[in-house]
Amino acid sequence: MLTYKTSGVFNLAFGAQAYISAAMYFKAHSLWGWPKWAALVVSAFVLAPLLGLVLERLIFRHLRTASAVSKLVIAIGLSVALPELFNQAARFTAVAGRQISGIVPDGAGVFYDPFGVYRFNRDELAMMAVALAASLLLAALFRFTMIGLAMRAVVESPRMTELSGISADRTSAFAWALSSTFAGLAGVLIAPRFNSLIPTEFFTLVVIAVAAAAVGKLVSLPRALLGGLGLGWFIAVFNTFLPRWSGDHTWLRPLQENLTPSLPFVVLFGILVLWRAIGRQTEASDPLAGVDPPPPALAAHQRHPKLTLFTRLFGVCFVTVVGLVVWFRADVLWMHLVTTAVIMSVIYLSVTVITGMAGQISLCQGTFGAIGGFMVFQMADRFDMSVLAAALMGAVAAAAVGAVLSLPVLRLGGVWLAIATLAFAFFFDAVMVKFSWVGGGSTALLTGTRVPRPLLGPIDFASDRAFLVLAVIVLVVVSVVVIQLRDGTIGRTLAALRGSEVAAASIGISAARARIVAFAVSAAIAGLGGALLSMHHQNVNYSVNFGPINALFWLVVVVALGARTVEGAIQGGAAFALFEPLILQGELLAWILRGEDHLPGFFPIAGSWRLVLFGLMAMQFARHPEGLVEYGKRRASARISRWLEAREERQAAVA
Amino acid sequence: MSTPILELRDVEAGYGPFRALFGVSLEVGHGEAVALVGANGAGKTTLARAASGLLTPTAGTVLVDGAEVGRGGPSAWRFVRAGVVHAPEGRSVLASLTVEENLALSFHRAFGRSGLAGALERAYELFPRLGERRTQVAGTLSGGEQRMLSLGRVLVESPRLLIADELSLGLAPMVVDQVFETLSQIRGAGTALLIVEQQVGHALELCDRAAVLEHGLITWQGPTSEAGAVLESRLFETATTELK
Ligand SMILES: Nc1ncnc2c1ncn2[C@@H]1O[C@H](COP(=O)(O)OP(=O)(O)OP(=O)(O)O)[C@@H](O)[C@H]1O
Ligand SMILES: [Mg+2]
């Protein structure tokens, strides 16, 4: 319901924390048959603060001086990894289609109607009561106590706080335990409202929470709490009364059906875009930031020429061998997987453009992909248009949407940009997809959003092999475009902006144009990739392929593997499609060991470990913004370069 | 001689791969006042940071009352609890808190809940400007007012050792005089001082001892009475080498 900005981190992992407590409560109460109070104590007051402490100790303590954007990326990584980690550790499986019981007896069955307008059930009343009490408590804590003051100080400058004789570590540990407890409590309280217990539901919680914090960032903390409450009320009232009014006034109905589910996102987006002050607000900076060494410069690409030659040769050989093996040996399944990998690489290149080159975090790449996919579907379905032309149209449409979206959003920059794009993704998810001219409406529910494979003159790409070739061609073309962009004016402008916006502006570089171009190009690439993916699956499969949560995972994968290079995106695509079958199910090891029987007993490993692994890898973003694999490669190549040079010197000395 | 309140032994420190201090040893005894002088970029600020726990030395030790403070990691707050207080250079205030909250954060620890109001009073007496602006957010104060705030925080507290970096920078001459007067008062009350100051004349007047830092090394230490001559000759030397 409410979030409490106690830790200075835009904690997108909030939803994950809420989920864990709710799941723990469910498990303890409904599966183990514990009494409600015991389950509540364990889940919200023991597990949640512990989780907060662990996160603080292991991760966020080391990030206190990191930039807000890298904290955000890490929180996203966490929100991908944490729920799965919990599910694996506690052997918990997501529950769907079942009434989750709340903390008060018979919560969903007993109703009260104090104002004669709406019948609250007990769960809802309990939720509101706790939220109100919690808000008051926190407001008092922040206003009147020393620890509250210290928490605010630590957010701004841990070092200044330490110079006042207060341990920043202890303060922030306390803050984390506190905020985690509230997240857990919120999770347990809100669970009855969903008819299921899956992590994604809880992620929408985050958006509301962030909206409240957005209001709070501008004004004071107590007012943030009020803002949260007000927002909650506003949404609740809307949800309650619109359906009723629209019963009497039919003209309200379409508004109600489309607006209600997306209200929080619309409100958040509106706040972010319309409230001018947010864009202007600069983050209060630590006056003692000078104590830190400057962030490590990205290693310059100065490889030994021999090494470059060698890696290129190796790359060509590797691709040829893999290509031949796939071409001649692969069965249908593997062909499918490899094609997916190639297409995902195309989509990930869009992340390379926006995140790697422009340094912006966009969380609506899935939406752009979906625009591409739906465009192909609509054009082929209604007008029998050529699929390839439709795919290009999809890319153009996505670019247009991206450009229009970027106008209000880019002004925000940094964290707010990420959150606004996230709100947009959810808005698209909740509203646009339902329209028949986008997602196919009710017919799509029955028949699916079917997409044919393309046909180009005499060549029919219906066969998997031909389609793979097409995908590879597109990947090569897009890669070339991306490289051109990076080495051209736009790319250099973006690189300069990434360094320092103020400095770049002072030498006459305009931020806006380059960024809009980057946003549009990135959207176009995502749209093209989305169209290809839909053709590949012969179905748009919106929720599986392009849902807002997927886009989070995309970002995490690319950031983990290398967001700066084309190589990184391709590795990301390969990892996305092939990691699970190859590594986790032990196919590769089986091939090395010659036979499935030699596999150790713990194979196959469950697929969700993939989420955990990449989520944790993204955590390195603060230290290695170029990506972990990229970092490893650079280190290795630097070492080999040095070795080669030393050898040459020795030879020169001998001669 | 009793154990010094602060002792640096062969301290090396730096920023990432960059080293700014190369084996510095320095002592500050009880109630003693030491002036640290040196050219821009000599490493004075770095030394002050290492001496107050903001920066962890890469080699050597920092001892307070003859013992190491805490183990590993930056733990400036432990230094503060041990009585070593640092007023960093520049606009070192918590910009999003009000003037009063900035002060309260320190004073609450130093004087407890009961002493808080009295301490705030004294700070406002010292710098009436602060009293006028007590509910203003510190980030919107002028540069000089921010300096006053960060000095008010440490001067009222009269710690056992005060490390002050560039304390007069950005203050009007009148205020500077007043600050030095307060410094000599708290000195009289037993506070030891380690002062980094570009206005060398002022600093030498106040202190008993001076240390000259050059390129991360202490090249001269001695009573302030001799320091003037040394500094002059050194300045002359560098000037002539630069001419060549
Ligand atoms: N955060 C940092 N990262 C890298 N190098 C730094 C950092 N802070 C200071 N330095 C370098 O360390 C050296 C010593 O700096 P320091 O701030 O200690 O000098 P100083 O004696 O205080 O100079 P000034 O009189 O100008 O204040 C300088 O060469 C400076 O460039
Ligand atoms: Mg300095």
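Condition (residue is within 30 Å of B:Leu231 (Cα to Cα), outside any loop (DSSP other than H, G, I, E, B), within 14 Å of chain A (Cβ to nearest Cβ) and of a type in the set (Lys, Arg)) applied to region B:108-117: is it met by at least one residue?
no
If B:Asp65 satisfies all but one of (1) away from ligand 2 (no atom under 16 Å from the Cβ); (2) within 13 Å of another protein chain (Cβ to nearest Cβ), what's the number of the condition it fails?
Unmet condition: (2).
At least 2 residues that are within 14 Å of chain B (Cβ to nearest Cβ) and modelled with pLDDT of 75 or more in each: list the helices (runs of 4 or more DSSP H) lying fully within region A:86-192 that qualify.
Per the criteria, A:146-156, A:158-163, A:168-190.
For residues that are within 9 Å of ligand 1 (Cβ to nearest atom) and assigned to a loop (DSSP other than H, G, I, E, B), scanning just region B:40-57, find the one that is surrounded by the fewest Cβ atoms within 10 Å (Cβ to Cβ).
Only one residue fits best here, namely B:Asn40.
Among the residues of region A:516-551, what is the count of those that are at pLDDT 80 or above, part of a helix (DSSP H, G or I) and of a type outside the set (Ser, Thr, Tyr)?
So the answer is 20.
Mind listing whichever residues of region B:159-204 are among the acidic types (Asp, Glu) and in contact (Cβ under 8 Å) with a residue 12 or more places away in the chain?
Listed by number, the residues that qualify are B:Asp165, B:Glu166, B:Glu197.
Residues are listed down the side, and each one gets a yes or a no for (1) at pLDDT below 85; (2) within 16 Å of ligand 1 (Cβ to nearest atom); (3) under 28 Å from B:Leu116 (Cα atoms); (4) within 14 Å of chain A (Cβ to nearest Cβ):
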position	(1), (2), (3), (4)
B:Leu183	no, no, yes, no
B:Val196	no, yes, no, no
B:Asp208	no, no, no, no
B:Glu226	yes, no, no, no
B:Glu237	yes, no, no, no
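The values are calculated or read from the model by the stated rules, or taken from the named source; none is laboratory data. Remember, it's a predicted structure, so these values are computed and weren't measured experimentally. Reconstructed Cβ throughout: ideal geometry from the backbone, glycine too, with neighbour counts over all protein chains shown.
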